[in-house]
1. Between residue 66 and residue 3, what FRET efficiency follows from the Cβ-Cβ distance if R0 is 25 Å, with the result rounded to 0.05?
2. Between residue 155 and residue 137, what is 0.36 nm times their sequence separation minus the Cα-Cα distance? Round to one decimal in nm.
3. How much accessible area per residue does segment 64-132 have, in Å², with a 1.4 Å probe?
4. Could you tally the net charge around residue 128, taking each other residue with its Cβ under 12 Å from the Cβ of residue 128, Lys/Arg +1 and Asp/Glu -1?
5. Expressed in nm to one decimal, what extension gain is obtained for the pair residue 98 and residue 144 from 0.36 nm per residue of sequence separation less their Cα-Cα distance?
6. With bins 5 Å wide starting at 0, give me the P(r) of segment 31-104 over every alpha carbon pair, in whole percents.
7. Could you run the Karplus curve 6.51 cos²θ - 1.76 cosθ + 1.60 with θ = phi - 60° over segment 42-57 and give me ³J(HN,Hα) per residue in whole Hz, x for Gly and Pro?
8. Restricting to bridges with both residues inside the chain, how much of the DSSP beta-bridge set is antiparallel, in percent to the nearest 5?
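The values are calculated or read from the model by the stated rules, or taken from the named source; none is laboratory data. Source: prediction; values computed, not measured. Here Cβ is always computed from backbone atoms with ideal geometry, including for glycine, and neighbour counts include all displayed protein chains. Note: accessible area is taken over every heavy atom of the protein model, side chains too, but ligands, DNA and RNA are not part of it. Shrake-Rupley method; radii C 1.70, N 1.55, O 1.52, S 1.80 Å.
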Amino acid sequence: LAAIAAAEGEPLGHVKAHGALYNMAARERPLADAIARAVRAFDRSLVLFGLPGSELLTAGEAAGLRVVSEGFADRAYLPDGSLAPRTVPGSVIHDPEEVLRRSLRMVTDGQVTATDGSTLTFPVQTLCVHGDTAGAAELTRLLRAGLEQRGVAVRAFAPRLERA
């Protein structure tokens, strides 16, 4: 992937585990450590994304990586801060106003409401909208417009720190 990106003039900026691997690494420190070590060995300037408070972010910090806490605009959270499995009704949020409301709360207040109604401390630095969510492109446009209308600066992720 890095070679393809470089051939197109776009070096990699961050690493984000995907799907089940992401969810497992959020909870399982040995797996999180393995991912962080692999990222560091490949390119220590890459930024590691993970759920706020996750083992993955802790492992990344311990490995000396820059880490970024990520919120999912279109997904529900369980009371332990993990993503609600897609098999759970309501795990994917389709209502644009609800997506905006939850995203605003994550980026401005560092909180999100879990599926049981509890409030989680959930500060995020970046938001994800799943590309396989129905209407994801339009949802993303509405989310960006809604965030900007409410004074949230939306900008491209600047992944790399200045190299010494």
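1. On the way: r = 23 Å, r/R0 = 0.90.
Efficiency at R0 = 25 Å is approximately 0.65.
2. On the way: separation 18, 0.36 × 18 = 6.48 nm, distance 1.68 nm.
So the chain would gain 4.8 nm between residue 155 and residue 137.
3. Working: 3200 Å² over 69 residues.
Accessible area per residue, segment 64-132: 46 Å².
4. Details: positive: 16, 75; negative: 70, 74, 132.
Once all neighbours under 12 Å are counted, the net charge is -1.
5. Values: separation 46, 0.36 × 46 = 16.56 nm, distance 1.36 nm.
Between residue 98 and residue 144, full extension yields 15.2 nm more.
6. P(r) for segment 31-104, in whole percents per bin: 3, 17, 21, 18, 14, 13, 11, 4, 0.
7. The phi angles translate into 6, 6, 5, 7, 5, 8, 9, 8, x, 5, x, x, 7, 4, 5, 5 Hz.
8. Values: 5 of 13 bridges.
If I count the DSSP bridges inside the chain, around 40 percent turn out antiparallel.
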